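Written out below as structure tokens is the structure these notes cover.
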Amino acid sequence: MANSQTLPDAPKPHKKGHGYVVYRNADGVRKQKTFPGKFGSEKMWNAFRKWRADQAGEYHSQSPQNASRSFATVEDVWCAFHDFHAKRRLAGDAKQTRSDKRYMNDVACVGRMLQPYQHIESNKFDSQMLDEVLENERLKTGNGTKRLNDKLQFIQKCFKFGVRKNLVDSATYGSLLTVEKFNKLDRHIKQPGTRVPCSEADLMEALAHASPTIHTMLMVASLTGMRSDNVCKLSWDEIDTSREEADGVWLYKPLTHKTQHQGKQLTVVLGTKCIQALRRYEEARPDKDHPYIFNPHANYSFCRWQQGIRQRKTKEASTHGDQLAKLLKSGVTDSRELIKQVKNLPSALRVLRNKGWVINKKRCKVHNPGNYKGDWYISSSPTKTQIESLTAREREMFDMMSAASSIPDLKSRFGTSINKVASKLKSKGIEVKRHILPKFTKQELKLCYMQYEVVEINDAQEPEQPEQTRTWQSEFERLHDMTNGVYSPDTFRQAVLRIVNKHNIQRFVIHQLRHYHSNNVFQHYAEDNGVERQQAVIGHHTEAMTNKYTLRALELAIKTQREIG
């Protein structure tokens, strides 16, 4: 790493138009460094400052005005914040996750919001300016309270990082923390919408078209109110079946869940209907040794198996062959005509030849018959004297030609004397011509076609070959190259969306099934501790409700799920 005092303060102009510097590295070797862009351009300055900062081990900014000042601007703070997270999340050979890209998009959004204040000294950026930034963003994007609060938090994180790097005073950061978050009292700002339960009709229709894997996942989600992450990672190792004989329920205790970091335990009660759905799927699934109950590989192999069954049911191998046989017997041998009537001509020919037909073919080229003459027309306007010199018959033809009458109309009126009358019009100085049209285009003349000749016909029926029996298990073993062995909430959502979009079902998200079961519990027990049962089954608690989640709440959940779960 070089000393910043030995590095040049600015590039020099090169005769080729770009900037360059001459310096000595740590070993004392004299080197030259050139920078992209024209000399004096922002691109050149950005490259120079980045190179100088890398050599000196300092932060660098993207602003070309920073070379001669001693204080940090708002842009300096954001650039340092961006570069720090870019190295952590986007650099290296590791695969960037979706959360990494989303985080960097939020960082870029903060830079766009702070752009009007980029040249202001960072210590002069106060809470009033931050209020203006948020108000401008609300007017520009129409974001609601949740999204604006997320952007506020990112701006505060940016200046907190500036405090760590001695770019911002702690007092400036403290003033930014005084900006209050948006809440429901800010009625001029869009509030978050309420999630409505999924309708029972849409759920039943989706279940009717779903594969066994997705069908069971939807059943479990709608009968227990579990979050999608817990449904995807459902495992037999985490299910306690000891209370089935006494209470008729299973207890699912996932090791990882949403409130795990708060030191809380999650116990989901699986009722009778849910147990029956899981047992049916366990008997049918081809991957019984898999650590998770729901495997994307099993679902994919089932879809491929069903697709093969549908193709075998609807497949009619001899359809095209029979159609081609009728055409050949009727004398149609030109490939140009056969292609129009037979969907797959090569396949149909192969079917007939496999049956024993002997069909020869001959390559032919389109003969160019030249051009043909089209309709008559008057190429130039005649004079008044020329029109007055015409006889009644000639005047009638002249009027019909001027009106662009077709040849059949002229023939029906003048018969075979069209050419004679047209010659008389030409002799009196009227320019009568005909359109010259080619019979084939140049592209059609270049194409070749086949002429088929049937030498021998064999109409004997071939014995049907027995098909190999394919099962879900055999298809699962054949498709052994899949590596994704567990569903995620996102892949589960995409699988349900494919079913919804394919069958024109009202779109719903997986989390609506949690509201669906919660609503069912409340409706069934509205007059018998409905709210308390709802809280016990769903496990949707806050700090004020923590004391309710005792053994009594678990017994209440068991009693409820035994009846409706």
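Here L207 passes the criteria (1) at pLDDT below 90; (2) surrounded by fewer than 22 Cβ atoms within 10 Å (Cβ to Cβ) except the one numbered (1).
For every residue, the table says whether it meets (1) among the charged types (D, E, K, R); (2) at pLDDT 80 or above; (3) outside the structural domain of A108 (by TED's automatic domain parsing); (4) closer than 30 Å to L152 by Cα.
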residue	(1), (2), (3), (4)
L7	no, no, yes, no
V22	no, yes, no, no
V29	no, yes, no, no
K43	yes, no, no, no
R49	yes, no, no, yes
E58	yes, no, no, yes
P64	no, no, no, yes
F71	no, no, no, yes
D83	yes, yes, no, yes
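Checked against the criterion of being farther than 30 Å from L134 by Cα, crowded, with 19+ Cβ neighbours inside 10 Å, among the hydroxyl-bearing types (S, T, Y) and within 25 Å of the chain's Cα centre (by Cα), the range 215-226 has no qualifying residue.
In this structure, does Y525 turn out to be within 30 Å of H290 (Cβ to Cβ) and modelled with pLDDT of 75 or more? Considered against the rule, which asks whether it is within 30 Å of H290 (Cβ to Cβ) and modelled with pLDDT of 75 or more, Y525 comes out as no.
Scanning the range 236-248 for residues that are surrounded by 13 or more Cβ atoms within 10 Å (Cβ to Cβ) and of a type in the set (G, A, S) turns up at least one hit.
If the condition is being without any contact (Cβ under 8 Å) to a residue 40 or more places away in the chain and of a type in the set (K, R), then the range 265-304 contributes R279, K288.
The values are calculated or read from the model by the stated rules, or taken from the named source; none is laboratory data. Computed from a predicted structure; not experimentally measured. Don't worry about glycine lacking a Cβ; one is built from the backbone with ideal geometry, like all the others, and counts go over all protein chains shown.
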